[in-house]
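Let me begin by presenting the structure, written as structure tokens, before commenting on it.
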Amino acid sequence: MSADLRRATATQLRAGYRSGEFTSVEVVETLLAAIAREDAALGAWLHLRGDEVRREAAAADVTYAATRTAGAAALNALPPLLGVPVALKDLVNMIGTPTTAGSKILEGYISPYDATIAAKLKAAGALILGKTNMDEFAMGSSTEFSAYRRTVNPWDRERVPGGSSGGSASAVAALHAPLSIGSDTGGSIRQPASLTGITGMKPTYGRVSRYGIVAFASSLDQIGPFARSAQDAALLLHTIAGSDPRDATSSATPVDAALLKLPQGDQAASALKGKRFALPKEYFVAGMEPGVEAAVRAAVAALQSAGAVIDEVSLPTTEHALATYYIVAPAEASANLARYDGIRYGASKHGGGDLLDGYLATRGRGFGPEVRRRIMLGTYALSAGFYDAYYLKAQKVRTLIARDFDRIWAAGYDAIVAPASPSVAWKFGAKMSDPVAMYLADACTIPTNMAGLPGLSTPCGLSEGLPVGLQLIGAPWSEAGLLSIAAGYEALSANAPWRDQDPTDLAALGGAA
Amino acid sequence: MSKLTRAEVEKVAALARLGLTSDEVEKLQGDLNLILEQWARLAEVDTSSVPASAQTIVQPMLLRDDTPRPSLSVDEALQNAPSRSGDFVRVQAILSEEADG
């Protein structure tokens, strides 16, 4: 029973709560016990709301019990995620919780307010289990740049979970939570989803409010869901999406009700017939691991066998997306991170010297090596005499990247199919001494962010025993369409041997063998 | 493409208000020069007739009424301040006595 509760999707939990098959308290106790046993080795969590969540789960169970006697209509009217545990990446403010963004410069910071998505999750009845580890200020591709702890990949303890949302990805992959929230500025949801074998989506820029989210690069950042099925990811996205008067970059485009009616099983598979997918040759880059390419091409062949039309296409500016990103994102970060001055909140080294000494000491010691690197890059790109050559040039190339994608949608394609990452999870330390090698880990995901488009990673097999993700990229606001295609692929591959396999190091995390 | 000198790295660090050790400056000089090699490749792209995009999903400008709404209390707003004096954040002296007048 308890093993099944760990594996249950949010959709299954909701059904079980409604029927009375099991309770939210049983689920929460099962997950908290697993976390207590395994997180010393996994390292996914930075803060747990254990006792608060126990109380909230008990209250949810009372509501379910009382409503069950009132009939099905009353049960259907309950908040959609009532009693369902969700993990938050540690850059989401929630009243009374520490929010560090993985940085020492925010050590001890306690949120005095709720991010809009935290308020929406609470209103939807979700139980916020805690906050998860991340690369400092979401800058990194392996979660190794967290100032607090190492998060391991539950498929192999010697390997990274990807990043920057590595804690949220590992928590869901290791069956510590059915759902979690991440942020994706250059791939920080899709790449760890790929490396840990789960589903992760970066929605269209503006789909989800960022009020109360620690900012990294404001023209790129977007919040999105991690889950173990497309249906669950859609449910979580539907909960957090929508316009917000407190975020002027959030869109008034209505939230797609189709997110709650994703096709399932045979219906989802047969809906693939006649779909048109573009396969961009530039995404099979030099240096891509052969096992990753083989798994992705096999998934594409499966879509074709199900009746989809696959055309090879060219997105010629892909090769310039990485350099464009590594100008735009650090430039915006250097401006956003100017606020960490040790005066109003956060760690402070203002002491005996003058104000400038206090700034230099607070920021020099409070930020870790990768954040310092990005602030330096961004400050340089924006400095007098270099702005036109770097920042303005990058903004122009960005236009060309967006035009490449526009041509694909104008040609009538339903989605782009591509790898989510050029490699499977790598060993700790392998890219830590070479920033350019670390940046290349996001080569397949960055163009999507530059164009503001939605994208997801869905598991499509194993290479050398480690997960590979299939990336689907769509036109603006096509989240429900992309998740429907992912649900179709799930149905096609339902009987694949890797589909029901637990992460290979999961048992060992708890000290069992 | 010219390489960043140590003095230039120190200047950028000062602009960014990052107090760095000598070793950190040296490490950053090497890292930044590696990354600038990547940036330099953008010069190959012809953008002579291309407009710049600050963002690519264009939203209409949102306006709202300029009316007060509930916000954080003073205590909530100051709860994370490293140093507080009454209803204020306490900071270092900004002007020295000699600079006065």
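Descriptive notes on the structure:
- Positive-end residue of B:88, B:54, B:21, charge dipole of chain B with Cβ unit charges: B:54
- For the protein assembly as shown, diffusion coefficient by Stokes-Einstein and Kirkwood Rh (Cα), 25 °C, 0.890 mPa s, µm²/s: 99 µm²/s
- The distance separating the Cα centre of the stretch A:1-74 from that of the stretch A:279-297 comes to 39 Å.
- Each eigenvalue of the Cα gyration tensor of the stretch A:395-476, multiplied by 5 and square-rooted, gives one semi-axis; in descending order these are 26, 18, 7 Å.
- Net length gained if the chain between residue A:301 and residue A:266 were fully extended (0.36 nm per residue, minus Cα distance): 10.8 nm
- Ordering A:22-30, A:266-274, A:212-220 by mean Cβ neighbour count within 10 Å, with the highest value first, yields A:212-220, A:22-30, A:266-274.
- Interface residues, the stretch A:84-129 - accessible area loss of 10 Å² or more versus chain alone, probe 1.4 Å: A:109, A:110, A:112, A:113
- Buried accessible surface for the B/A chain pair comes to about 5100 Å², total over both chains, computed with a 1.4 Å probe.
- Size of charge dipole - the protein assembly as shown - debye, nearest 20, with Cβ of Lys, Arg +1 and Asp, Glu -1, no other charges: 680 debye
- P(r) histogram, all alpha-carbon pairs of the stretch B:17-67 included - 5 Å bins from 0, percent: 4, 12, 11, 11, 12, 11, 11, 12, 8, 7, 1
- Entry comment: accessible area of chain A is 31 Å² per residue, from protein heavy atoms only and a probe of 1.4 Å.
- Net length gained if the chain between residue A:285 and residue A:339 were fully extended (0.36 nm per residue, minus Cα distance): 15.6 nm
- Dipole check for the stretch A:154-214: with +1 at the C-beta of Lys and Arg, -1 at the C-beta of Asp and Glu, and the Cα centre as origin, the magnitude is about 180 Debye.
- Between the amide H of residue A:209 and those of A:242, distances stay under 5 Å, these residues lying 5 or more places away or on another chain, with hydrogens modeled in the peptide plane.
- A dipole drawn for the protein assembly as shown from +1 and -1 charges on Cβ atoms has a positive end, and of B:79, A:454, A:364 the residue lying farthest that way is A:454.
- Amide proton proximity set for residue A:229, modelled H, under 5 Å, gap of 5+: A:199
- Under 22 Å from the Cα of residue A:89 - lysines, other chains or at least 8 residues apart: A:104, A:120, A:122, A:131, A:202
- Relative to the longest principal axis of the Cα atoms of chain B, the long axis of helix B:6-15 lies at roughly 30 degrees.
- Amide H contacts of residue A:144: none lie under 5 Å away among residues 5 or more positions distant or on a separate chain (H built 1.01 Å from N in the peptide plane; Pro and chain starts excluded).
- Among the protein heavy atoms of the stretch A:411-482, carbon and sulfur supply 55% of the accessible surface, probe 1.4 Å, non-protein parts ignored.
- Whole-percent pair-distance distribution, where bins are 5 Å wide, for the alpha carbons of the stretch A:1-103: 2, 12, 21, 21, 19, 13, 8, 4, 1, 0
- List of the stretch A:388-412 residues, accessible area with partners at least 20 Å² below that of the chain alone (1.4 Å probe): A:390, A:393, A:395, A:396, A:397, A:398, A:399, A:400, A:403
- Per-residue SASA entry for residue B:27, accessible area with 1.4 Å probe, Å² rounded to 10: 100 Å²
- Think of chain A as a dipole: +1 on every Lys or Arg Cβ, -1 on every Asp or Glu Cβ, centred on the Cα centre; then among A:35, A:167, A:222, A:222 lies furthest on the positive end.
- Inter-chain Cβ neighbour count for B:77-86, averaged per residue, equals 4 (cutoff 10 Å, partner chain atoms only).
The values are calculated or read from the model by the stated rules, or taken from the named source; none is laboratory data. These numbers were taken from a predicted model, which means no experiment stands behind them. Ideal geometry is used to build each Cβ from the backbone, glycine not excepted, and the neighbour counts take in all protein chains shown. Accessible surface is based on the protein model in full, side chains and every heavy atom, while ligands, DNA and RNA are left aside. Shrake-Rupley method; radii C 1.70, N 1.55, O 1.52, S 1.80 Å.
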